[in-house]
Amino acid sequence: MSKKGQIILWIITLVSFAGIVAVYHKLPDRVPIHWNSSWEVDGTASKNKMFLIGAVPALVNGLFYLLPIIDPRRKNYDAKTYGLMRAVIVLMFVFLSWATVVTALDLGINDKFLLSVIIGIAFIAMGNYLPKVKSNFFVGIKNPWALSDPTIWRKTHKVGGYFFFIIGLLMLAMVVIDTTLYSNIVIGLLLIGILAVNIYSYILYRNNFKA
């Protein structure tokens with residue numbers, strides 16, 4: 001990511017936090033912090049938590065700035081790919097923090113539409129760039145088998161990228177497929193897929209390093 005891009009991302013996170021502070025007095029005493037598989041609010045917290053929720057994007061952005069500095073494999077950080085992944089994740093947290101505000105203020109926007117679009121687009125974007133991430137200790141699918149060998153890392157992330165992209169499309173489809181069953185299926189596929197990608201990585205390791 002260019003310096004200009006980093007500055008823009010910082011401005012977005014800080015403006016987002018300032019906006020949440022500005023609307024704080026309009027929020028109810030309890031704000032939503034968790035949704036179930038039917039996209040219904042099933043967890044709330046004191047509105048004071050909005051200061052933390054609003055600060056998360058900036059904190060995550062700062063963390064992404066730190067990671068290449070402390071990672072022993074810092075030479076593997078491709079500036080363009082890493083910057084795009086950083087932007088996707090930080091912007092996802094920005095939109096999620098505002099989804100909390102929108103729901104708390106009851107502005108009439110469907111939670112399922114809002115959250116499935118935000119998370120779906122984020123998964124699609126991450127799925128697109130995940131195969132381009134080189135071996136490191138902080139970003140990507142960091143199981144011990146992928147970290148042990150560059151080829152296993154590359155193959156694991158290629159499969160993981162396809163998986164994230166497909167899950168993202170399925171999440172976007174929740175906008176028009178308005179059933180609890182479909183939502184449960186997608187969440188189930190997400191959990192199964194995460195397990196399957198890690199098993200695939202282990203199988204590659206076993207096949208490559210048979211005694």
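Readers should treat all values here as calculations from the given coordinates under stated rules, not as data from a laboratory. As the structure is a prediction and not an experimental result, all values here were calculated from the model. Cβ: placed from backbone, ideal geometry, glycine included. Neighbour counts: every protein chain shown.
Stretched out fully, how many nm does the piece from Ile187 to Asp42 gain, at 0.36 nm a residue minus the Cα gap?
Details: separation 145, 0.36 × 145 = 52.20 nm, distance 1.65 nm.
Contour length minus the Cα-Cα distance gives 50.5 nm.
An ellipsoid equivalent to the stretch 147-211, defined through the eigenvalues of its Cα gyration tensor, has semi-axes of 31, 12, 5 Å when rounded to whole angstrom and sorted largest first.
For the stretch 76-87, putting each phi into the Karplus relation 6.51 cos²θ - 1.76 cosθ + 1.60 with θ = phi - 60° gives couplings of 8, 7, 7, 4, 5, 5, 4, x, 5, 4, 4, 5 Hz, in residue order, rounded to whole numbers and with x for Gly and Pro.
Can you give the angle from 0 to 90° between the axis of helix 111-129 and the longest principal axis of the chain, with both taken from C-alpha atoms, to the nearest 10? Here the helix axis deviates by roughly 20 degrees. If I histogram all Cα-Cα distances within the chain using bins 5 Å wide from 0, what percent of pairs lands in each bin? Binned Cα distances yield the sequence 1, 7, 13, 15, 16, 16, 14, 10, 5, 2, 1, 0, 0. Simple rule: put +1 on each Lys or Arg Cβ and -1 on each Asp or Glu Cβ in the chain, find the dipole, and look at Gly83, Ala45, Trp98; the Cα lying farthest toward the positive end is Gly83. Here the 3J(HN,Hα) profile of the stretch 188-201, calculated from phi with Karplus coefficients 6.51, -1.76 and 1.60 at θ = phi - 60°, is x, 5, 4, 5, 5, x, 4, 5, 5, 5, 6, 5, 4, 4 Hz, Gly and Pro shown as x. Protection proxy ranking for 3-13, 49-59, using the average of other Cβ atoms within 10 Å per residue and placing the highest first: 49-59, 3-13.
Counting beta carbons within 10 Å around each of Leu63, Leu170 and listing the fewest first gives the order Leu63, Leu170. Convex hull volume of the Cα atoms of the stretch 1-43, normalised per residue: 92 Å³. Relative to the 2.2 N^0.38 Å rule of thumb, the stretch 1-122 has a C-alpha radius of gyration ratio of 1.16.
By count of other Cβ within 10 Å, fewest leading, how are His157, His25 ordered?
Lowest count first: His25, His157.
Evaluating 6.51 cos²θ - 1.76 cosθ + 1.60 at θ = phi - 60° for every residue in the stretch 162-168, the Karplus couplings come out as 4, 5, 4, 4, 5, 4, x Hz, glycine and proline recorded as x.
Near the amide H of Ala45, within less than 5 Å, lie the amide hydrogens of Val31, Ile33, all on another chain or at least 5 residues away, with H placed in the peptide plane.
Per-residue ellipticity at 222 nm from helix content only, as computed over the chain with -39500 (n - 2.57) for each DSSP H run of at least four residues, stands at -24000 deg cm²/dmol. Taking N as the residue count of the stretch 107-206, its C-alpha radius of gyration divided by 2.2 N^0.38 Å amounts to 1.20.
Just list whichever of Lys80/Lys112; Lys3/Lys47; Lys80/Lys158; Lys3/Lys158; Lys3/Lys134; Lys112/Lys132 have alpha carbons separated by over 27 Å in the model shown. Before the final figure, lay out each step's value.
Values: Lys80/Lys112 32 Å; Lys3/Lys47 35 Å; Lys80/Lys158 18 Å; Lys3/Lys158 29 Å; Lys3/Lys134 22 Å; Lys112/Lys132 31 Å.
As for pairs spanning more than 27 Å Cα to Cα, those are Lys80/Lys112; Lys3/Lys47; Lys3/Lys158; Lys112/Lys132.
Quickly rank 144-153, 67-76 as a protection proxy: mean count of other C-beta atoms within 10 Å, highest first.
144-153, 67-76
Sorting the Cα pairs of the stretch 41-112 by distance into bins of 10 Å, from 0 upward, gives 17, 39, 25, 15, 4 percent per bin. Counting neighbouring beta carbons within 10 Å and listing from fewest to most, the residues Asp106, Asp42 come out as Asp106, Asp42. Report, to the nearest 10°, how far helix 49-70 tilts away from the longest principal axis of the Cα atoms in the chain, using its own Cα long axis and a range of 0 to 90°. Once rounded, one gets 20 degrees.
Please find the FRET efficiency linking Leu66 to Asp106, where r is the Cβ-Cβ separation and R0 is fixed at 45 Å, and quote it to the nearest 0.05.
On the way: r = 38 Å, r/R0 = 0.83.
Efficiency computed from Cβ-Cβ geometry: 0.75.
For the stretch 80-163, the alpha carbon positions stretch 50, 22, 20 Å along the principal axes, listed from largest to smallest. Among Arg154, Arg30, Arg86, the largest mean-square fluctuation in a Gaussian network model of the chain (Cα springs under 10 Å) belongs to Arg30.
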